Amino acid sequence: MSASVLIVDDNLDLLELLHFALTRKGITVETATCGEEGLEALRTRQPDLVLVDFEMPDMKGNQFLDRVEALGKQSFSESSFVYCSAGACPDDKRVKGCLNKMTGLNEFVGLIRNFLPRGSESHV
């Protein structure tokens with residue numbers, strides 16, 4: 001079974017680049033350009049991993065997670081959440097980690113794959 005990732009970020013270039021790079025690795029990718037789009041996606045799907053930009057115009061990453069929690073516990077139990085940011089991320093026990101957007105693409109993709117479930121075909 002292929003791993004699935006939802007990327008929630010307002011940077012369209014980054015979304016396109018990550019979509020291309022992760023899809024080439026056999027990962028199913030869905031993108032959302034704002035927090036509201038990401039929440040809508042989570043209402044109908046449970047990706048293995050959700051990458052959340054911490055500094056989106058419509059809501060901060062922690063506000064996004066507050067809203068996910070309001071959707072119900074299933075969203076948290078079935079998906080892992082990781083912040084991505086060009087700067088520092090706050091401590092938040094709800095996320096598995098924080099990825100720096102300034103990291104090179106190959107390393108960034110490798111780090112993303114480290115957060116995927118061990119049983120997925122896409123995890124190496």
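Each reported figure results from applying straightforward, stated rules to the coordinates on display, with no laboratory input. Worth saying up front: this structure is predicted, and the values here are computed from it rather than measured. Note that each Cβ is placed from the backbone with ideal geometry, even for glycine, and that neighbours are counted across all protein chains shown.
Show the residues, 5+ positions off or on another chain, whose built amide H is closer than 5 Å to the amide H of residue 58.
35
For residue 84, what residues show an amide H to amide H distance below 5 Å, using hydrogens built from the backbone and excluding near sequence neighbours?
The answer is 52, 53, 54, 99.
Taking N as the number of residues in the chain, what value does Rg over Cα atoms divided by 2.2 N^0.38 Å take?
Working: Rg = 13.0 Å, N = 124, 2.2 N^0.38 = 13.7 Å.
Compared with the compact-globule rule of thumb, the chain sits at 0.95.
Would you mind ranking 108, 20 by Cβ crowding within 10 Å, fewest neighbours first? Before the final figure, lay out the partial values.
Numbers: 108 21, 20 11.
If I rank by nearby Cβ atoms, fewest first, I get 20, 108.
If I build a Gaussian network model for the chain, linking alpha-carbon pairs within less than 10 angstrom, which residue out of 31, 44, 23 has the largest mean-square fluctuation?
Comparing 31, 44, 23 in a Gaussian network model of the chain, the most mobile one is 44.
Using 0.36 nm per residue of separation minus the Cα-Cα distance, give me the extension gain between residue 24 and residue 10 in nm, one decimal. Walk me through the intermediate numbers first.
Details: separation 14, 0.36 × 14 = 5.04 nm, distance 2.20 nm.
So the chain would gain 2.8 nm between residue 24 and residue 10.
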